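Taken together, the values in this text are just the output of simple stated rules run on the coordinates, not laboratory data. Keep in mind that what you see is a predicted model, and the values were worked out from it rather than measured. Methodologically, a virtual Cβ is constructed for each residue, glycine included, from the backbone with ideal geometry; neighbour enumeration extends over all protein chains shown.
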Amino acid sequence: MDRFFINGPCKIKGSIKLSGSKNASLPILAATILFDEPVEIKNLPNVKDIETMLDLLKSLGFSVKKNKINNSVIIKKKKIKTFASYSLVKTMRAGILVLGPLVAKYRKAITSLPGGCLIGARPVNIHLNVLKKLGMSHQIKKGYIYANAKKGLKGSIIKFPQISVGATENAILAATLAEGKTILKNCAIEPEIKIDLTNFLNKAGAKIKWIGKRSVQVEGVKKLNRVIHSVMADRIECGTFCVVAAISKGELKINGLNPKIISTEIKLLKKIGAKIKTLDQSIIIKGPNKIKNIKFLQTKEYDGFPTDLQAQFMALLCKADGRSVICESIFENRFMHVAELKRLGAKISIIKNKAIIKGNSNFEGAELMSSDLRASAALVVAAIVAKGSSVINRIYHLDRGYENIEIKLKKIGVNIKRLS
Ligand code: UD1
């Protein structure tokens, strides 16, 4: 199992080109199931979760032609099998995103349940209920969802009981080929959905229109046309590098993302004292000499503070001058990084879903264990400013979502080595 060796504290300076967004790529790849024509997708990040989704598409009977030079793939329908196996869905929860498209296009699917993961139980009841309202029936047997829609899916008016990114995506994908009009209310409006997935499908001939902050209207179409699409940049990668600069008194120019997409994060970074300049597709950030605390910070659905940056901000606030509180309101068990940050010298206590961070911590290098994707990113951020050497074990978690992470970190001044 690969490990990272980081020797800190590191002086951070330079520029970063963001990779394509993992969370935008996954539903777009699942959407290719809806097509008869070939689809070309560019700017896919070269990370494990994308590889898994491409393997899943191959197992369903699509050919996948990769062009490594520009990170693009051409996906073509061959002989379709509507079976998504446990071996592929178990490692990546987004595997459930093939269910809606398979049922919409092929009227049946056998899809493995994704199972739980370390950050919480992660059920799929909202996905199943919305697809049921569109006309899918299903049974769960031996860990698989046996789904069918013999007469095809039909449009409906549906209000999500709770905001879910994946369920909103599954519903939009299914409604795209359903008969008639669907209106979805209380949707997740992450830019990966409201901008990228919507633009991709509309370019191919879908009729998706956002009709309110959290409502979308999808008029079903008979077929989608051949399309080429380039995936948007990764806003979580952007936020992570902003934190790297902020925690280390560093200076970074981060290129490839419209800063308006992360205005919540930019406000918070300014609050802790970072100096930020925004350009059309870049952010220039300079970390403060003294990091200010944030009294109360709560994770929320977009356009609130993202749960996927909670761990990285916690590492940052450990170095702040004063006490901060972070409340995790999306996932019930997303504090696994806390014990590891404490090994570096952090003073954090947990009360239910709140982390009370004492601040003014001096980090000293230690041996650490990654537990999930974003928790691992927080450990890297902390190790960069810790005095001495840190070893971060199980970095396969990081490889699921950050492209060329150590190459990018090295380039901006991090003393990092991958040990295999
Ligand atoms: C997506 C993101 C993930 C991010 C999360 C929240 C992708 C591939 N992953 O995950 O990086 O952390 O959004 O922003 O885009 N829930 C249910 N029943 C369901 C579905 C969800 O109870 O059927 C609950 C979840 O347990 C969680 C909450 O709803 O507590 C939000 O989850 P959801 O928005 O669905 O997250 P994902 O789509 O899995």
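Points to keep in mind about this one:
- 14 Å cut-off, amide nitrogen to a point 7 angstrom out along CYS327 Cα→Cβ, residues in the range 337-364: 351-356
- Antiparallel DSSP beta bridges within the range 22-230, percent to nearest 5: 75 percent
- Pairs from LYS17/LYS387; LYS11/LYS408; LYS132/LYS159; LYS76/LYS142; LYS132/LYS181 whose Cα-Cα separation, in the structure shown, is over 20 Å: LYS17/LYS387; LYS76/LYS142
- 37 °C / 0.692 mPa s Stokes-Einstein diffusion coefficient of the range 30-136, Kirkwood radius on C-alpha pairs, µm²/s: 226 µm²/s
- Near LYS133: Cβ cut-off under 13 Å, other residues only, Lys/Arg at +1 and Asp/Glu at -1. The net charge is +4.
- Relative contact order for the range 22-230, counting Cα pairs under 8 Å that sit 6 or more residues apart, in percent: 21 percent
- DSSP beta bridges confined to the chain are antiparallel in about 70 percent of cases.
- Summing +1 for each Lys or Arg and -1 for each Asp or Glu among the other residues whose beta-carbon sits under 15 angstrom from that of ASN353 gives +2.
- Size descriptors for the range 126-204 (Cα atoms only): Rg and Dmax, in that order, 12.8, 39 Å.
- The chain, helix-only ellipticity at 222 nm - DSSP H runs n ≥ 4, -39,500 (n - 2.57), divided by all residues, nearest 500: -8500 deg cm²/dmol
- Likely footprinting exposure, VAL391, VAL381, VAL414, fewest C-beta neighbours within 10 Å first: VAL391, VAL414, VAL381
- Residues SER72, SER390 arranged by fewest to most Cβ contacts within 10 Å: SER72, SER390
- A simple charge model with +1 on the Cβ of Lys and Arg, -1 on the Cβ of Asp and Glu and nothing else charged puts the dipole of the range 22-230 at about 580 debye relative to its Cα centre.
- Calculated FRET value between LYS358 and PHE296, using beta carbons and R₀ = 22 Å, to 0.05: 0.90
- Radius of gyration over Kirkwood radius for the chain, both on Cα atoms: the Rg/Rh ratio is 0.98.
- Diffusion coefficient (Stokes-Einstein, Kirkwood radius over C-alpha pairs, 37 °C, 0.692 mPa s) for the range 237-287: 317 µm²/s, rounded to a whole number.
- Between the C-alpha center of the range 250-282 and that of the range 290-309 there is a gap of 14 Å.
- Of the residues LYS48, LYS411, the one with the fewest other Cβ atoms within 10 Å heads the list, and the complete ranking is LYS411, LYS48.
- For the chain, the membrane-span-like helices by this rule, meaning whole DSSP H stretches whose C-alpha atoms cover at least 15 Å of axis and whose Kyte-Doolittle mean is 0.0 or above, are 165-176, 235-247, 373-385; this says nothing about an actual membrane.
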